[in-house]
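Only one structure is covered here, and it is reproduced in the block below.
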Amino acid sequence: MNLITGIIAIAIGGIYLVTAMLLPEMRMGDKLGPKLFPSIVGILAIVAGTILALEERNPGKRSKKADFGFVKHKEVWIKILLTTAVGIAYGLLMDPLGFLLPTTLFMLFISTLINKGRLVQNLILAIAFSVITYGVFAVALKLSLPRGFIEQLLPF
Amino acid sequence: MQEIFSNLALGMQTAMTWTNILWVVIGGSLGTIIGMLPGLGPATGVAVLIPITFGMNPATALITMCAVYYGAMFGGSRASIMINVPGDASAIVSCFDGYPMTKQGRAGPALAISAIASFIGGMIGMVFLVFLTQPIASAALKFGPAEMFSLLLFALVATITLSEGNLLKGLIAIAFGLMLATVGIDGMTGIIRFTYGIESLNDGIDFLVIIIGVYAVCEVYKNFKDINAVYKFDSKSIGKVWITKEDWKRSWKPMLRNSPIGFLIGVLPGMGGSIATFMSYALEKNLSKHPEEFGKGAIEGLAAPEASNNACSCGAMVPLLTLGIPGSGTTAVMLGALMMLGVRPGPTLFTDHPEIAWGVIASMIIGNIILIIINLPLAIPLVQILRVPTRIMLPIIMGLALIGTFFLNYSSFDFIIVMIAGIIGYMFSKLEIPLPPLVLALILGGAFEQNLRNSMVLSDGSISIFFQKPISVVFLVLAVGTLVYALLRRKKQTA
């Protein structure tokens with residue numbers, strides 16, 4: 001587990017450090033400039049990652065094996081990736097389609113994913129959630145929400 | 001002394017409006033419910049409820065968030081007592097004696113002492129909070145960039161050294177948080193940094209989006225494994241939600257003893273409610289004449305950590321309000337939400353907006369009273385929430401998290417960040433990398449770099465500036481001290 005963490009820290013720290021080094025040198029009265037602080041942070045990640053990874057060589061300090069559950073809990077990862085993809089799509093659809101339709105569709109998708117085989121219950125949850133949140137945020141709290149064709153039909 | 005009371009009176013004036021009292025009731029009830037749900041802690045609770053504070057004035061917004069935080073602290077132990085599943089890490093200890101009490105048919109007294117101890121701990125914590133904030137805020141007004149840099153350095157070091165877990169992993173989390181904080185246009189030179197050509201990142205990454213991702217979205221992901229969990233309990237066996245004279249006799253001293261301890265732990269960055277509750281439990285067990293009863297339904301084993309936990313949440317408000325430094329995940333979320341509303345907590349809050357600073361403190365006193373009223377007579381109806389299946393709660397949490405994300409900047413791009421942050425949070429939990437250091441570094445990173453660079457401008461590039469200012473030296477010594485303490489502790493553990 002610590003070996004993987006160490007390698008990730010070295011890789012991300014390395015990319016970050018190289019990017020920092022490539023930044024233009026522009027001080028304008030600023031003694032440190034825009035490069036130094038990020039460079040220190042990059043080095044910090046690399047050093048911490050290296051020590052963590054090297055400690056794994058010592059049997060007494062060896063950490064337990066990382067268990068991401070890619071195989072054992074494959075279905076969890078499928079759900080996570082599907083939710084991620086649909087969550088991003090939800091955000092992209094909000095502007096063109098308004099609040100109510102994408103929210104209902106997203107809630108229907110996620111509740112079907114989690115609460116399998118209960119279509120009516122999920123449909124009620126999805127519609128109730130989007131209507132209540134619309135009522136609370138757009139009507140009661142008067143926050144601006146994207147308006148699609150459904151919202152155009154509403155009096156508020 | 002007189003100044004403190006007149007400030008408190010000013011705060012009471014702000015807090016005692018019908019609108020604010022109503023929001024304390026709503027926020028406290030929602031917080032109690034969210035805190036009660038297994039796996040959902042106060043940070044997630046405040047994160048998903050941020051949108052309800054938009055459109056409010058800053059004082060009401062902060063009052064509402066405090067009520068949610070406080071409510072979550074009251075509610076956290078309900079699930080521990082009834083179903084042996086803690087609402088969050090700070091409620092783990094409540095399982096030790098709370099659940100055995102339920103099994104013995106004493107769920108009523110367990111729920112009652114949990115609410116009473118939370119109330120007493122909260123009230124004692126409030127007394128300390130009232131008397132400490134003004135002097136700390138006044139002292140902090142004199143801080144220049146060097147002092148602020150050293151203070152932030154201490155806060156970051158303390159977050160990884162005082163918290164539990166691997167020191168190096170905490171350091172890596174801090175580095176990742178600082179990396180995220182540097183994305184976007186550099187305020188001093190106008191150079192665009194670390195955006196890798198993505199224009200949407202030019203204004204930087206909104207830390208609230210990351211926070212919602214790593215707390216709320218990630219919590220939903222973590223619960224995917226147990227989506228069929230349904231918790232059952234017998235409401236009829238709860239009995240009367242009150243305590244006997246004997247219960248009180250056994251509990252009052254532990255409550256009084258552990259409240260100041262909890263408060264002190266709350267003030268320190270990185271030492272959250274879980275450490276406070278474990279410490280209080282251990283202390284009471286050591287002091288008890290019947291340590292063998294602990295873990296088998298000893299009421300003081302429930303009273304002490306509950307009082308300590310709520311006092312701890314008051315303590316956590318000290319660095320947030322007076323220095324603008326959040327000491328825990330929840331206070332970090334609150335800071336982020338306030339910055340969205342254009343309010344920056346810190347010493348100037350007490351001089352520029354005393355009505356907000358003291359209004360919040362006063363509202364916490366009122367909130368404490370309202371919450372005991374909610375949590376004692378309504379304890380039985382409230383715990384029925386635990387019967388709502390996880391598979392219904394999770395979609396609601398996810399929906400609220402994404403709507404909250406949308407309200408932050410009305411940006412579709414934020415949905416990409418929040419979903420990725422959710423996966424990163426999940427991976428962090430699998431690799432046992434602590435999240436609070438990342439969140440704190442992300443929030444404080446901008447000010448940390450800014451104060452470092454401003455100090456260098458003032459000193460013409462010499463680091464001696466940090467050693468010339470006495471307050472700066474104190475914080476540097478504290479930072480080194482906590483680091484040495486952590487290294488010694490680590491050595492002792494591995495020996």
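The values are calculated or read from the model by the stated rules, or taken from the named source; none is laboratory data. Keep in mind it's a predicted model, so treat the numbers as computed, not measured. All Cβ positions, even for glycine, are placed from backbone atoms using ideal geometry, and neighbour counts span all protein chains on display.
Can you work out which of the residues in region A:18-41 that are within 10 Å of another protein chain (Cβ to nearest Cβ) and closer than 30 Å to A:Glu55 by Cα is surrounded by the most Cβ atoms within 10 Å (Cβ to Cβ)?
A:Val41
Here is a list of conditions, (1) surrounded by fewer than 18 Cβ atoms within 10 Å (Cβ to Cβ); (2) over 30 Å from A:Val131 (Cβ atoms); (3) more than 7 Å from chain B (Cβ to nearest Cβ), and A:Leu105 meets all of them except one; can you say which number that is?
(2)
Please go through region A:110-142 and give me each residue that is touching a residue at least 24 places away in the same chain (Cβ under 8 Å) and either within 23 Å of B:Pro389 (Cβ to Cβ) or of a type in the set (Lys, Arg) (or both), ordered by number.
Scanning region A:110-142 gives A:Ile110, A:Leu113, A:Ile114, A:Phe129, A:Ser130, A:Val131, A:Thr133.
Could you give every pair whose Cβ atoms fall below 6 Å, whose first residue belongs to region B:286-297 and is closer than 15 Å to B:Ser251 by Cα, and whose second residue is surrounded by 11 or more Cβ atoms within 10 Å (Cβ to Cβ), counting only separations of at least 6 or pairs across chains?
B:Pro291/B:Lys285; B:Phe294/B:Lys285; B:Phe294/B:Gly301; B:Gly297/B:Asp97; B:Gly297/B:Pro100; B:Gly297/B:Met101; B:Gly297/B:Gln104
Identify all residues within region B:47-59 that are crowded, with 20+ Cβ neighbours inside 10 Å and either within 12 Å of chain A (Cβ to nearest Cβ) or among the charged types (D, E, K, R) (or both); write none if there are none.
B:Val48, B:Leu49, B:Ile50, B:Pro51, B:Ile52, B:Thr53
Suppose we filter region B:409-423 for residues that are assigned to a helix (DSSP H, G or I) and over 14 Å from B:Phe207 (Cα atoms); how many remain?
Counting residues in region B:409-423 that are assigned to a helix (DSSP H, G or I) and over 14 Å from B:Phe207 (Cα atoms) gives 1.
So, in region B:216-237, of the ones that are assigned to a loop (DSSP other than H, G, I, E, B) and within 30 Å of the chain's Cα centre (by Cα), which residue ends up nearest to B:Val333 (Cα to Cα)?
Checking each candidate, the answer is B:Ile227.
Limited to region B:238-258, what total is found for residues that are assigned to a helix (DSSP H, G or I) and touching a Gly at 6+ places or on another chain (Cβ under 6 Å)?
1
Evaluate the following for B:Tyr221: is it facing chain A (nearest Cβ under 9 Å), surrounded by fewer than 21 Cβ atoms within 10 Å (Cβ to Cβ) and more than 24 Å from B:Leu338 (Cβ to Cβ)?
no
Starting from region B:468-482, keep only residues that are outside any helix (DSSP H, G or I), then list their pairs with residues that are surrounded by 19 or more Cβ atoms within 10 Å (Cβ to Cβ) whose Cβ atoms are within a distance under 7 Å, requiring at least 6 positions of separation or different chains.
B:Lys469/B:Ala146; B:Lys469/B:Glu147
When you check B:Gly461 against the structure, is it within 19 Å of B:Thr330 (Cα to Cα) and within 11 Å of another protein chain (Cβ to nearest Cβ), yes or no?
No: the conditions fail for B:Gly461.
All but one of (1) of a type in the set (A, V, I, L, M); (2) modelled with pLDDT of 95 or more; (3) under 22 Å from B:Val477 (Cβ atoms) hold for B:Leu178; state the number of the condition that does not hold.
Failed condition: (3).
Residues of region B:409-429 being more than 18 Å from A:Leu93 (Cβ to Cβ) and more than 8 Å from every other protein chain (Cβ to nearest Cβ), which ones?
Across region B:409-429, the qualifying residues are B:Ala421, B:Ile424, B:Gly425, B:Phe428, B:Ser429.
Need at least 1 residues that are surrounded by fewer than 24 Cβ atoms within 10 Å (Cβ to Cβ) and within 19 Å of the chain's Cα centre (by Cα) per element, so show me which helices (runs of 4 or more DSSP H) inside region B:315-408 make the cut, counting only ones lying wholly within it.
By residue number, B:329-340, B:354-375.
Take the residues in region B:224-233 that are more than 13 Å from chain A (Cβ to nearest Cβ) and not hydrophobic (A, V, I, L, M, F, W, C), then tell me which one is surrounded by the fewest Cβ atoms within 10 Å (Cβ to Cβ).
Checked region B:224-233; the qualifying residue surrounded by the fewest Cβ atoms within 10 Å (Cβ to Cβ) is B:Lys232.
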